[in-house]
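Structure first, commentary second.
The values are calculated or read from the model by the stated rules, or taken from the named source; none is laboratory data. Because the structure is predicted, anything quoted here is derived from the model rather than measured. Glycine also receives a Cβ, built like all others from the backbone with ideal geometry; neighbour counts cover every protein chain displayed.
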Amino acid sequence: MRSVLERMARAGHQPLYTLAPRQARAAYELGAGVLDVPRPDLFAVADLELPARDGTRIPARLYRPADGVLPALLYFHGGGFTIGSIDSHDTLCRTLARLAGCAVLSVGYRLAPEQRFPTAVDDAWDATQWLAANAAALALGPIAIGGDSAGGTLATVCATLARDAGIPLRLQLLFYPGCAANQEAPSHARYHQGLVLEQAHIEYFFGHYIDAGERGDWRFAPLNTPDVDGVAPAWFGLAECDPLVDDGLAYADKLRAAGVAVDLEIYRGVTHEFIKMGRALPEARQAHAAAAAALRHALHT
């Protein structure tokens with residue numbers, strides 16, 4: 001991990017938080033696959049459009065590792081609600097599909113600042129309802145939901161909404177999700193600079209996405225969810241050297257206190273975004289395997 005950070009520093013790229021959002025997106029896309037594992041070939045990959053409540057068509061991509069009826073993971077990419085895309089997380093979704101033997105539907109929800117809170121939440125929930133209603137027509141079976149970072153936030157919110165709507169989900173698959181309204185936990189001070197996700201990035205992303213007065217809304221901060229009883233079981237993959245690690249632990253504790261089954265692993269010595277660094281970090285490949293095992297157990301039994 002230290003070697004990766006040193007190489008990133010030597011590359012001398014301008015920090016994303018110093019760029020306009022469109023520039024930051026382009027810069028992130030350029031570097032998104034540099035440290036990923038080799039991209040797996042799959043049985044079929046198809047681009048789709050899903051209907052949002054305001055008539056917008058949301059891009060999505062369906063990955064199928066095999067023919068026939070398959071269980072499915074609905075996946076939301078990370079990027080602080082401001083950057084990231086289906087393409088930036090293409091290899092990760094392919095990897096999970098291949099290792100878990102399930103289809104993956106990756107959703108390109110709308111980004112800030114063009115679309116501020118709660119548009120990303122609305123798009124994610126619209127996608128969740130659409131998949132639940134259309135799974136059989138797509139030859140898909142049981143459903144899990146997941147995401148990394150901001151996408152993990154969206155997954156947790158949709159898991160709660162799905163419980164309320166009576167939509168059965170088998171699992172929440174959460175890579176270092178954002179869970180807190182404010183950056184008050186000790187890990188935010190401990191890892192605030194020099195470790196991929198800096199405090200300046202968090203302020204940049206959240207400033208584009210949501211007004212300060214709305215940050216207490218549970219759809220932004222799942223730790224504020226009034227009631228998590230009966231939500232889907234959760235698998236957490238957290239990074240030790242990540243400002244968000246304490247918030248993820250706190251949300252896992254909140255679920256456990258409500259009687260929700262939780263499986264959690266902290267990957268030692270790695271930073272935020274490590275899950276997309278499998279070419280350099282064995283911990284990323286270990287997390288891929290563990291996440292896939294959790295999906296197989298939840299979706300195939």
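The residues on offer are Gly152, Gly141, and the sole one that is closer than 28 Å to Gly216 by Cβ, in contact with a strand residue (DSSP E or B) (Cβ under 7 Å, 6 or more places away or on another chain) and of a type in the set (Gly, Ala, Ser) is Gly152. Would you check if Ala112 is outside any loop (DSSP other than H, G, I, E, B), in contact (Cβ under 8 Å) with a residue 12 or more places away in the chain and small (Gly, Ala, Ser)? Taking the combined requirement at face value, the residue does not satisfy it.
Residue count for the range 59-83 under the criterion of being under 24 Å from Arg22 (Cβ atoms) and hydrophobic (A, V, I, L, M, F, W, C): the result is 4. Within the range 151-194, the set of residues being over 24 Å from Ala294 (Cβ atoms) and small (Gly, Ala, Ser) comprises Ala181, Ala185, Ala189, Gly194. If you go through the range 43-72 and keep only what is touching a helix residue (DSSP H, G or I) at 6+ places or on another chain (Cβ under 6 Å) and of a type outside the set (Ser, Thr, Tyr), you end up with Leu50, Ala52, Arg53, Ile58, Pro65, Pro71. If you go through the range 57-64 one residue at a time, do you hit one that is within 21 Å of the chain's Cα centre (by Cα), among the β-branched types (Val, Ile, Thr), within 30 Å of Gly101 (Cα to Cα) and surrounded by 13 or more Cβ atoms within 10 Å (Cβ to Cβ)? Looking for residues that are within 21 Å of the chain's Cα centre (by Cα), among the β-branched types (Val, Ile, Thr), within 30 Å of Gly101 (Cα to Cα) and surrounded by 13 or more Cβ atoms within 10 Å (Cβ to Cβ), one finds at least one in the range 57-64, hence yes.
Residue count for the range 25-64, restricted to those that are over 18 Å from Ile83 (Cα atoms) and among the aromatic types (Phe, Trp, Tyr): 2.
Tell me which residues, restricted to the range 16-42, are in contact with a helix residue (DSSP H, G or I) (Cβ under 7 Å, 6 or more places away or on another chain) and over 16 Å from Arg279 (Cβ atoms). Within the range 16-42, Leu16, Tyr17, Leu19, Pro21, Ala24, Ala27, Tyr28, Leu42 qualify.
Look at the range 127-146: where a residue is farther than 14 Å from Ile167 by Cα and a partner is modelled with pLDDT of 95 or more and part of a helix (DSSP H, G or I), sitting 6+ places away or on another chain with Cβ atoms under 7 Å, you get Gly146/Ala155.
Assessment of the range 62-84 against the conditions (of a type in the set (Gly, Ala, Ser), touching a strand residue (DSSP E or B) at 6+ places or on another chain (Cβ under 6 Å) and closer than 18 Å to Trp235 by Cβ) yields at least one matching residue.
Out of all the residues in the range 129-157, which are crowded, with 24+ Cβ neighbours inside 10 Å and not in a helix (DSSP H, G or I)? Listed by number, the residues that qualify are Ile143, Ala144, Ile145, Gly146, Gly147, Asp148, Ser149. As a summary of the residue check, Glu184 satisfies the conditions (1) touching a residue at least 12 places away in the same chain (Cβ under 8 Å); (2) among the acidic types (Asp, Glu); (3) assigned to a loop (DSSP other than H, G, I, E, B) except for the one numbered (1).
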